[in-house]
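Peer 1: Handing you this structure, nothing more for now.
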Amino acid sequence: MGAEISISGRARRKQTLAWLLLTPSLILMFFTLVLPMVFQAVVSFTKHNMMFPWEKGFAGLSNYVAVFRDPSFWNALRITLVFVVGSVSLEIILGTGVAVALNQEFRGRGVARAFILIPWALPPVVVGLTWSWILSGSFGVLNGLLYELGLIHEYIPWLSYPRFALFLVVLVEVWKSMPFVAILMLAGLQSIPLEVLESATVDGATSLQRFFRITLPLVRPMLVVGLTLETIWAFKAFDLIYLLTKGGPANATEVLGYLIYSEAFGKLNFGTSAAMSFILVAIISILVAVMLTSRSIREAFILPGAR
Amino acid sequence: MRKIGTYAIILCLMVFTLSPFAWLLVASVSPQSELLTDSPRWIPEKLTLENYRALFTGSGVAKGDLAMEKSETAIGVKNFLLALKNSIITALYVMLLTLAATATGSYALSRIKFRGYRFCYLFFFIIRMFPAISVVIPLFLIMSSLGLINTKLGLALSYVPFTITLALPVLKGYFDTIPTELDEAAEIDGCTPLKMIWHILIPLSAPAFLAAGIFTFTASWNEFLFALILTSTYSSKTIPIALAEFNDMYVRNFTLTAAGAVVSAMIPVIFTLLFQKFIVSGLTSGSVKS
């Protein structure tokens, strides 16, 4: 009798201790994340436009209605989707290809593997500034290079063409993030035992067959993690767009994140900006819920429901 | 034949990946007189350190290009070193808060199979997904009322939730590799858990703390959005903001801004080159077997 009670007492104390130890983290997260989110939710239901400061008070769903009626919201949604799908798929495909290349034997392999991460390591500010200069229509190096090669006869303002600007923004994002996927997939490739591939070759498999039937399934965990992380990062994109195009030209690169920013700090309409924020959070939550149905993701990030 | 193909691919790859950064380096040691030419050269006539000297002495900027010199709060060359200091101090605050919170939190997640631990992971996973833009405006209002705007501590506090999600998997993963026999021996000797963490676990986990510290420092160093919104004075603006303002201020003087960019890129690049191994395992929560 006595032994049972003391054991469960100790177990309970351990449980309490665990939560106590996590308290600092949880408190910090609560005040700097949860609280603002709640506040944001409240603001999204009020009229809070600094341009019309006399209009205050509860506004019900009118902010949300205004957002759904706003064509720039749908534009931003479309652009965000193009941006995310475009950049993530390119990152995964190119990154995997690069990983395969880096997995080969060649001189200078160590150096290549180390230096390839540099774009990813650079602060986003540096990436944004560097590329905006390279692509500059007045003094950009890209123009200079193409001119010297005789491919163009006058400087082209690359970022001034709406659809091309979106393509370029995706390109810069891919340039920056692809190395991470490459290194991730490289780690996955290196964990494949050579014997498996060798015995497949002996059995007569071509290199394509080996790749699609053995290699890819074995690196699936890494692929899943890479896909997840890159998708999250793509949705959060703000810095690059702020520095490269500021959402332009003609809102062609205005992703949802940037629209939220310009609605609040450009138009000073905090109410609708808050509503948009919430919609973005809702979209991401749906994405997260979908992700959670995948067993690979649950296992990779140790989430509820994993075996 | 195959070898040539491989080398060709690797060469193209390296050129594509590194040439923008290489150009940045070259631009930073180009003379400012290059501004006046319309055709940029990528190998300048002469190399010079005048841009770096301007950054570190606060003077020596080419004339005729000071679009915002009169601005009261923009960071110009005079205040670049101040921005550097702000970035370092903010990053150190972030490191301190994050490592302290995650040391105890990781111990709990690693050592104690408590009920709801998977929900903790879920919570942290969701935090990681969070778009900063959704939080920054109400955060601004809250910090404003607490008087934490334009302070390095306020900025640091805003980074902490995200850096905690970076540091926790690293520390927890490493703690997992430390045998629990050590815990039991300490308990028999009468050690409280906190003492055990401080005297035994932490010294043994130095590599993990190093990795977590580097992630945290780098995340804070690189961060742009929160710094943009939560700071507006010299005494708190960090390097990323300073660089963006440089670009507006010294519009065509990209050699000067390039030097600033190189300075600010140095720390993250060096850390990444040195600690590559940790990066993959840390960001994949150390759970995918390698």
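Peer 1: Among the listed residues A:76, A:99, identify the single one that is open to solvent by less than 40 Å² (accessible area, probe 1.4 Å), under 15 Å from residue A:278 (Cα atoms) and within 24 Å of the chain's Cα centre (by Cα).
Peer 2: It is A:76.
Peer 1: Another question about this same structure. How about the range A:140-157: which of its residues are without any contact (Cβ under 8 Å) to a residue 12 or more places away in the chain, open to solvent by less than 30 Å² (accessible area, probe 1.4 Å) and at the interface with another protein chain (Cβ under 8 Å from one of its Cβ atoms)?
Peer 2: The answer is A:141, A:144.
Peer 1: Let me ask you something else. On the given criteria, is residue B:172 over 18 Å from residue B:125 (Cβ atoms) and of a type in the set (Lys, Arg)?
Peer 2: no
Peer 1: Which condition number in (1) among the charged types (D, E, K, R); (2) over 22 Å from residue B:254 (Cα atoms); (3) within 14 Å of chain B (Cβ to nearest Cβ) is the one that residue A:176 fails?
Peer 2: (2)
Peer 1: While we're on this one: Checking residue A:301 against (1) modelled with pLDDT of 80 or more; (2) within 22 Å of the chain's Cα centre (by Cα): exactly one of these is not met. Which one?
Peer 2: Of the numbered conditions (1) modelled with pLDDT of 80 or more; (2) within 22 Å of the chain's Cα centre (by Cα), the odd one out for residue A:301 is (1).
Peer 1: Go through the range A:181-211 and count every residue that is under 24 Å from residue A:121 (Cβ atoms) and β-branched (Val, Ile, Thr).
Peer 2: 2
Peer 1: Among the listed residues B:170, B:135, which satisfies the condition of being open to solvent by less than 50 Å² (accessible area, probe 1.4 Å) and either at pLDDT 85 or above or touching an Asp or Glu at 6+ places or on another chain (Cβ under 9 Å) (or both)?
Peer 2: None of the others qualify; the one that does is B:135.
Peer 1: Then there is this: Could you figure out which of (1) surrounded by 15 or more Cβ atoms within 10 Å (Cβ to Cβ); (2) over 18 Å from the mean Cα position of the chain (by Cα) isn't true of residue A:243?
Peer 2: With (1) surrounded by 15 or more Cβ atoms within 10 Å (Cβ to Cβ); (2) over 18 Å from the mean Cα position of the chain (by Cα) applied to residue A:243, the lone miss is (2).
Peer 1: Among the candidates A:127, A:170, which residue alone is away from every other protein chain (no Cβ under 13 Å) and assigned to a helix (DSSP H, G or I)?
Peer 2: Residue meeting the stated conditions: A:170.
Peer 1: Give B:63, B:70, B:85, B:46 a once-over and let me know the one that is modelled with pLDDT of 70 or more and surrounded by fewer than 13 Cβ atoms within 10 Å (Cβ to Cβ).
Peer 2: B:46
Peer 1: Here is a follow-up. Given the criterion within 11 Å of chain B (Cβ to nearest Cβ), under 30 Å from residue A:163 (Cβ atoms) and surrounded by fewer than 16 Cβ atoms within 10 Å (Cβ to Cβ), identify the matching residue among A:289, A:282.
Peer 2: A:282
Peer 1: Any residue in the range B:183-205 that's within 13 Å of chain A (Cβ to nearest Cβ) and free of Cβ contacts under 8 Å to residues at least 40 places away in the same chain: show its pairings with residues that are in a helix (DSSP H, G or I) and not hydroxyl-bearing (Ser, Thr, Tyr) at Cβ separation under 6 Å, as long as the two are six or more apart or on different chains.
Peer 2: That search, which allows pairs on different chains as well, returns B:196/B:186.
Peer 1: Let me ask something additional. If you go through the range A:179-195 one residue at a time, how many are at the interface with chain B (Cβ under 8 Å from one of its Cβ atoms) and open to solvent by 10 Å² or more (accessible area, probe 1.4 Å)?
Peer 2: Adding up the residues that qualify gives 4.
Peer 1: Next question. Identify, please: which residue in the range B:138-167 is among the hydroxyl-bearing types (Ser, Thr, Tyr) and within 22 Å of residue B:277 (Cβ to Cβ) and is, among those, modelled with the lowest pLDDT?
Peer 2: Step by step, filter the range B:138-167, then rank; the result is B:165.
Peer 1: Being of a type in the set (A, V, I, L, M), part of a helix (DSSP H, G or I) and in contact (Cβ under 8 Å) with a residue 60 or more places away in the chain is the filter here; which residues of the range B:116-165 pass it?
Peer 2: Answer for the range B:116-165, where residues must be of a type in the set (A, V, I, L, M), part of a helix (DSSP H, G or I) and in contact (Cβ under 8 Å) with a residue 60 or more places away in the chain: B:132, B:133, B:136, B:137, B:139, B:143, B:153, B:155, B:156, B:157, B:160, B:164.
Peer 1: Let me ask something else about it. Could you figure out which of (1) closer than 28 Å to residue A:228 by Cβ; (2) touching a residue at least 40 places away in the same chain (Cβ under 8 Å) isn't true of residue A:187?
Peer 2: (2)
Peer 1: Could you please tell me which pairs satisfy a Cβ distance under 7 Å, a separation of 6+ or placement on different chains, a first residue in the range B:1-21 that is within 7 Å of chain A (Cβ to nearest Cβ), and a second residue that is open to solvent by 90 Å² or more (accessible area, probe 1.4 Å) and at pLDDT below 90?
Peer 2: That search, which allows pairs on different chains as well, returns nothing.
The values are calculated or read from the model by the stated rules, or taken from the named source; none is laboratory data. Because the structure is a prediction, the values reported are computed rather than measured. So basically every Cβ, Gly included, is an ideal-geometry build from the backbone, and we count neighbours across all protein chains shown. The accessibility values were calculated without ligands, DNA or RNA, using every heavy atom of the protein model including side chains. Shrake-Rupley method; radii C 1.70, N 1.55, O 1.52, S 1.80 Å.
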